[in-house]
Amino acid sequence: MLLSVFLTCFIALVVSTIALLLLGQRLRFSSRLLGVLLVIAVTAGAGELAARVASLPSRYVERAQLVLVVVGAVVVVARGVWNPVGQLFFAVFLTSALSYLWFAGGITFGPGLSPIARAASSLLLLFEVAALVLATSFTFECCDAVCRTRSTRRFPARDPSYRPMVSLQLATYNEPPDMLIQTIRSLEAIDYPCYEIVVIDNNTKDRDVWQPVEEYCRDRPGITFVHVDPWPGFKSGALNLALDQYTHPDAEIVGIIDADYLVAENWLSDLVGYFADATVAYVQTPQDYREYEGDAYLEACYDAYRYFFVTSMPSRNQRNSIIFAGTMGLLRRSAIERVGGWDEWCITEDAELSLRMLKAGYQGLFVPATYGRGIMPLTFTALKSQRFRWCFGGMQILRKHWRSLIPWRHERGNRLSAAQRLDYFFGQLQWLNDLVYFGLTVALLASAVVLLLNGPFGLRPLYGAAVLLPSALVATGVVRALWSLRARTGIGVKRAVLAFVNWLALSWTVALACVQGLTRPEGVFLRTPKTGERNRLLAALWSARAETFWALALWGFAVVAILDTRARPFVIGLLVWQGLVYAAAPFMSWLNQHTELSAQLERRRRTEQLRERAAQLAPWGVGAVAGAAAVVAVALVIGFGGSHPGHPSNPFSVPHQSANDSGPLGDILG
């Protein structure tokens, strides 16, 4: 039975992935009837092919087909706004994930494992459940953004005649003065009848940095410049100061702009009208960037950034659950004050504030049009530090608000819908994807150590047909991510691949931020090692030395495993693949070494370095050593678990299973 489900799901997943690539973006209609018929047709074909290839008994194939059809029908009914291909793909992916977990759970808790090996297998199963749950959430997001055929939300109407006073606020720290002045000039050129500009420079020590900006702003109408040092609370502390003491009493709307953005003159006139609806608390537009064209590294960063704003935000916009993203957004002043202002404990104060606004019953709106372009982090070390802060803040939000995000929990004053709770809950949980991935890396390395030292051990086997479905799920995840990025941005394959590598390059940084965010009460920042003027390759390896360590460890075990005839090809493939994930970091760092910057951007790069030196230290060595210790600990547990004489040699062996269920694949299953 299990082999029938595996093979049927594997074939259906391959077919549905091909259909998604060919038609997922092109079909602009939805039909529940056609969706159900497509699921039935693909399921019937997949079951028939599986039966012929593996000589499977018809009763087992029919049961596998029934599972696929039932799950497919549920998905089609629930997601009637998707086109039939999106419905098919998500249904098959979900069924495949559940089928693999069924297999993994059956082996883990079935007969044949020693108590210690069962405990180790249970830990592995926990990682697999987490990984597949997160993969399913990413898949849902992609299908919802690309395969959706109509809107299900009644969006607020814009009133062009609504023209309240707006306070535009810039919280700056150690920014190049010429760049900041350029931003202020773009704000002065905005075509809107009534607004002010408030610049709060907090904790910049060098007078040569903040004083030219003060001189520019002096005596200019509608501009207030304030320098405070020292001042607590980072950006949120500066914004609270601006709101409490320097915002005009008549200002009803607050606009937040980063210090490196050039803003379009029609930004306010196009968007302020949405606030005529008293339930609208904030309006967010995409964070967009400039001066990246023609450079492979910067283009990879740019495309990776865009994914969130072309996929995640449009999907969440349908359920009124977008985040406020910290720049190029407008907020209702009274709503900020009603929910208590910017919380200074959270280093991602923007997303945290938007959650409190939604809990209070307000609406947020995402408008997918670019009204301003800023400067991305110009070095790989600065990119890692930014991503570390975002992830750490996500963990802070999860720690404080997780009770409010449980769909079935009733809480006084919490007006979040079930869909909003799930979006915010999974939005924070998705940061844990790289921590789960690192957990699987530790388990894989520990298993390789035991295998090479002691031979086969009592953990769940992964070989023969058992590797088909997890391999297909991994491959499908990669293909789906590349496809959705290309579908939403129109970039070519090469740029999409480099953007994907850019995501992978931050895996270790995000995993480290997750651990610290879940264990440390206060915000911390990641300081990355300085590279100096050394050989580019050595500089790249040094700036990503933790990732280089893990890549070399994984590849080293892969080489040893190739020389050892006891290692299965799937295990070797996993070692190579996971090594590639961590090797993406030194590759991106090396690519960044070849970036050539203009004079202004070079000054910005130097200010990034100053900020890094002022940040608190989060050394790579602690994490790498702790991870290596975890490998040893898990290896000891697995090793003591050892092989068990009762462990089934066939990964699909179950009690009372007919021998005919293996068919001609029996030779590779045993």
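Suppose we filter region 12-26 for residues that are open to solvent by 30 Å² or more (accessible area, probe 1.4 Å) and in contact with a Gly (Cβ under 8 Å, 6 or more places away or on another chain); how many remain?
Count: 1.
Whether any residue in region 146-165 is part of a helix (DSSP H, G or I) and in contact with a Lys or Arg (Cβ under 7 Å, 6 or more places away or on another chain) is what I want to check.
Taking every residue of region 146-165 in turn, at least one turns out to be part of a helix (DSSP H, G or I) and in contact with a Lys or Arg (Cβ under 7 Å, 6 or more places away or on another chain).
Which number in (1) among the β-branched types (Val, Ile, Thr); (2) open to solvent by 50 Å² or more (accessible area, probe 1.4 Å); (3) at pLDDT below 85 marks the one condition that VAL74 misses?
So VAL74 meets the others, but not (3).
From the list LEU68, LEU38, LEU101, LEU56, exactly one residue is in a loop (DSSP other than H, G, I, E, B) and either of a type outside the set (Val, Ile, Thr) or within 29 Å of the chain's Cα centre (by Cα) (or both). Which is it?
LEU56
Return the only residue of MET357, MET376 being open to solvent by less than 10 Å² (accessible area, probe 1.4 Å) and not in a loop (DSSP other than H, G, I, E, B).
Result of the check over MET357, MET376: MET357.
Yes or no: region 294-306 includes at least one residue that is open to solvent by 10 Å² or more (accessible area, probe 1.4 Å), in contact with a Lys or Arg (Cβ under 8 Å, 6 or more places away or on another chain), assigned to a loop (DSSP other than H, G, I, E, B) and not hydroxyl-bearing (Ser, Thr, Tyr).
Looking through region 294-306, none of the residues is open to solvent by 10 Å² or more (accessible area, probe 1.4 Å), in contact with a Lys or Arg (Cβ under 8 Å, 6 or more places away or on another chain), assigned to a loop (DSSP other than H, G, I, E, B) and not hydroxyl-bearing (Ser, Thr, Tyr).
Test LEU113 against the stated conditions and say whether it is touching a residue at least 60 places away in the same chain (Cβ under 8 Å), in a helix (DSSP H, G or I) and either hydroxyl-bearing (Ser, Thr, Tyr) or open to solvent by less than 50 Å² (accessible area, probe 1.4 Å) (or both).
Judged against the criteria, LEU113 is not a match.
Name the residues in region 4-39 that are under 18 Å from SER96 (Cα atoms), of a type in the set (A, V, I, L, M) and touching a helix residue (DSSP H, G or I) at 6+ places or on another chain (Cβ under 6 Å), would you?
Hits for region 4-39 are VAL5, LEU7, ILE11, ALA12, LEU13, VAL15, ALA19, LEU20, VAL36, LEU38, VAL39.
Examine region 420-429 for a residue that is among the basic types (Lys, Arg), surrounded by 20 or more Cβ atoms within 10 Å (Cβ to Cβ) and assigned to a helix (DSSP H, G or I), and state whether such a residue exists.
yes
Which ones in region 309-334 are under 13 Å from GLY364 (Cβ atoms), aliphatic (A, V, I, L, M) and not in a loop (DSSP other than H, G, I, E, B)?
Residues satisfying the conditions are MET313, LEU330, LEU331.
Quick check: is even one residue across region 408-417 modelled with pLDDT under 95, among the aromatic types (Phe, Trp, Tyr), over 23 Å from THR139 (Cα atoms) and buried (at least 23 other Cβ atoms within 10 Å of the Cβ)?
No, there is no match, as no residue in region 408-417 is modelled with pLDDT under 95, among the aromatic types (Phe, Trp, Tyr), over 23 Å from THR139 (Cα atoms) and buried (at least 23 other Cβ atoms within 10 Å of the Cβ).
Within region 49-66, count every residue that is open to solvent by less than 90 Å² (accessible area, probe 1.4 Å) and closer than 21 Å to LEU88 by Cβ.
Summing the residues that are open to solvent by less than 90 Å² (accessible area, probe 1.4 Å) and closer than 21 Å to LEU88 by Cβ in region 49-66 gives 6.
Testing GLY80 on (1) in contact (Cβ under 8 Å) with a residue 12 or more places away in the chain; (2) part of a helix (DSSP H, G or I); (3) under 27 Å from THR43 (Cα atoms), one condition comes back false. Which one is that?
Just one mismatch for GLY80, condition (2).
Give me the residue from region 330-352 that is farther than 16 Å from ALA242 by Cα and in contact with a Leu (Cβ under 9 Å, 6 or more places away or on another chain) and, out of that set, modelled with the lowest pLDDT.
For region 330-352, the residue satisfying everything is CYS346.
Between THR149, THR139, which is open to solvent by 20 Å² or more (accessible area, probe 1.4 Å) and closer than 30 Å to GLN87 by Cβ?
Exactly one of THR149, THR139 is open to solvent by 20 Å² or more (accessible area, probe 1.4 Å) and closer than 30 Å to GLN87 by Cβ, namely THR149.
Just the residues that are open to solvent by 10 Å² or more (accessible area, probe 1.4 Å), among the small types (Gly, Ala, Ser) and either closer than 30 Å to LEU88 by Cβ or in contact with a His (Cβ under 8 Å, 6 or more places away or on another chain) (or both), please, taken from region 482-527.
ALA487, GLY490, GLY492
Please specify each residue of region 335-351 satisfying the condition of being of a type in the set (A, V, I, L, M), within 22 Å of GLN430 (Cβ to Cβ) and assigned to a helix (DSSP H, G or I).
ALA351
The values are calculated or read from the model by the stated rules, or taken from the named source; none is laboratory data. From a predicted model like this one, the values you see are computed outputs, not experimental measurements. All Cβ positions, even for glycine, are placed from backbone atoms using ideal geometry, and neighbour counts span all protein chains on display. When the accessible area is computed, the model is the full protein with side chains, heavy atoms only, and any ligands, DNA or RNA have been set aside. Shrake-Rupley method; radii C 1.70, N 1.55, O 1.52, S 1.80 Å.
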